[in-house]
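Reading through the structure tokens given below for one structure.
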Amino acid sequence: RTRRTAQNGYSACACPSVYEGFGLPAGEAMGAGVPVVTTRAGSLPEVCRDGADLVAVGDVDGLASALGRVVDDATYRSDLIERGRTVAAGYDWDVTAEHVAALLRQVAGERSRPGSRTGDPTTYDDAP
């Protein structure tokens, strides 16, 4: 089974992180239609936006309460799944790769122009 197939049977995804670099587990869960409860740590608020229930870092009671609401309140659960899928739809590896490639081409093009910042101090645009 794939991870997405396995996630389809989950009641919720709990990500009680203290620090998160990107929040890939939360993003994958939202994309799979699994409601996410996570902390306001690191990048998670930015990555999850309104697609997850966010609780304070270290708030064990708040985490338990949010998970209980996701499991017990069908309307809230459905709304959170919908919002999570909407947020996750904005993350696409192909689009990300295209943006990174375009940025690299832009940087490579700038570095090849005369007077660009190539590492040689005499070619800096602001050199005397």
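Tabulated values for the structure
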item: Amide hydrogen neighbours beyond the local backbone of CYS13, cut-off 5 Å, H modeled; result: VAL36, VAL37
item: Full-stretch length increase - ASP59, LEU104 - with 0.36 nm per residue and alpha-carbon distance subtracted; result: 12.0 nm
item: Cubic angstrom per residue, convex hull over Cα atoms of segment 1-104; result: 98
item: Over segment 14-61 - Rg/Rh using Cα atoms and the Kirkwood inverse-distance radius; result: 0.92
item: Amide H partners (placed H, <5 Å) of GLU20, local residues excluded; result: GLY42, SER43, LEU44
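We did not get these values from a lab; they are worked out from the coordinates using the rules stated. All of these numbers come straight from a predicted model, not from anything done at the bench.
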